[in-house]
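Peer 1: Please read through the structure below; I'll follow up with questions.
The values are calculated or read from the model by the stated rules, or taken from the named source; none is laboratory data. Just so it is clear, the structure is predicted and the values come from calculations on it, not from any experiment. Quick reminder, even Gly has a Cβ in these numbers, built from the backbone with ideal geometry, and neighbours come from all protein chains shown. Only protein heavy atoms, including side chains, enter the accessible area calculation; ligands, DNA and RNA are left aside. Shrake-Rupley method; radii C 1.70, N 1.55, O 1.52, S 1.80 Å.
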Amino acid sequence: MIQTIELSPGIVLRCCRDTRFKQGCLSFQIVRPMAAEESAMNALIPSVLLRGTVKHGDLRAITARLDELYGAAVSTIVRRVGDYQTTGLYCSFMDDRFALPGDQVLEPMLAFLGELLLDSPVENGGFLSSFVESEKKNLIATIESELNDKRAYAIGRLLRTMCRADTFGLPRLGETDQVAAIDPVQLYAHYRKILRESHIQLFYVGSAEAETVAQLLTPMLSRLEREYIPLPDQTPFHTCDGTDTAETMEVSQGKLCMGFTSSITNRMQEFPAMQVLNTLFGSGMTSKLFQNIREKMSLCYSIGSSYYGTKG
């Protein structure tokens, strides 16, 4: 059972207490309206935060601290959910029940998460330029690598064309030219802004009580200067006139992507049935497309599917 606690206006903690696992996890996500002018910055911020803090100044020091916490791990989060983009950090760590007598993991782990989020080294009013420039190169390489995965590239181009009247058509990581234009001062100012204004979601899974987790998060959250601006509602899909888009490249195998819209959202009673239909039609080796195109027609073929229409 998930217990929800509103820690302050715009900051929500959701806890799933479960004693079956040896590890716990906690995610810290800043939820923003998807926007072309800031999507690249939002995608870059978590990687820059993980490069170092005032106390732990580089990746080696951060790794050493995580090793001290029984091999805990921290990774970046950059997601798109309908009209929203979420960015933040995800922590996994050993549950306190399995630590040596007298040791704790959850409390120092949450304190370290606060350090990563709020104690980045600053120079000239911005993030360290060495951190930003290095992570910009990594992000640009990640965006450009999509071209090497022709299936992912085709899906991305389909969404950009099909959803060009919606923010859902925007790439999750931004464009390469947007990433290249980011400077450390601009990025730091944007980060302080979204910390101050945005909706923040925290999700915990582990054996600790929800009230205990909320109490342990208080020191970190008390440092936030908040001027919360509520999120706008998700919007319905906006249809567009037909268009033809052509790109030519040398490939050894063609890719076909088909997109369909639906009025069914993930809050509707019909949503599970729509997921089953989507899977039956075009996902995996048991789908109708796979059985007909590959099995009956003996064409070299692989297929996957995703469901768009969950913006509610």
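Peer 1: Within region 254-275, how many residues turn out to be farther than 22 Å from Pro236 by Cα and either at pLDDT 80 or above or in contact with a strand residue (DSSP E or B) (Cβ under 8 Å, 6 or more places away or on another chain) (or both)?
Peer 2: Qualifying residue count, region 254-275: 0.
Peer 1: Further, regarding this structure: I need the full set of residues from region 156-167 which are touching a residue at least 12 places away in the same chain (Cβ under 8 Å), open to solvent by 30 Å² or more (accessible area, probe 1.4 Å) and either more than 13 Å from Met258 (Cα to Cα) or in contact with a Gly (Cβ under 9 Å, 6 or more places away or on another chain) (or both), in order please.
Peer 2: The answer is Leu158, Leu159, Thr161, Met162, Arg164, Ala165, Thr167.
Peer 1: Mind telling me which of the residues Glu133, Glu115, Glu144, Glu107 ends up being part of a helix (DSSP H, G or I) and more than 22 Å from the chain's Cα centre (by Cα)?
Peer 2: Step by step, each of Glu133, Glu115, Glu144, Glu107 is checked, and only Glu107 is part of a helix (DSSP H, G or I) and more than 22 Å from the chain's Cα centre (by Cα).
Peer 1: Of a type in the set (Gly, Ala, Ser) and touching a helix residue (DSSP H, G or I) at 6+ places or on another chain (Cβ under 6 Å) - does that describe any residue in region 132-145?
Peer 2: No, region 132-145 contains no residue that is of a type in the set (Gly, Ala, Ser) and touching a helix residue (DSSP H, G or I) at 6+ places or on another chain (Cβ under 6 Å).
Peer 1: Here's another thing I want to ask about it. Could you list all residues from region 100-154 that are open to solvent by less than 50 Å² (accessible area, probe 1.4 Å), modelled with pLDDT of 95 or more and of a type in the set (Val, Ile, Thr)?
Peer 2: Val105, Val132, Ile140
Peer 1: Further question: Looking only at residues in region 214-239 that are more than 24 Å from Arg32 (Cβ to Cβ) and not hydroxyl-bearing (Ser, Thr, Tyr), which one is modelled with the lowest pLDDT?
Peer 2: Going through the qualifying residues, I end up with Pro219.
Peer 1: Here is a follow-up. I want to confirm something. Restricting to region 277-291 and keeping residues that are more than 15 Å from Leu256 (Cα to Cα) and over 28 Å from the mean Cα position of the chain (by Cα), which single residue is surrounded by the most Cβ atoms within 10 Å (Cβ to Cβ)?
Peer 2: This residue is Ser287.
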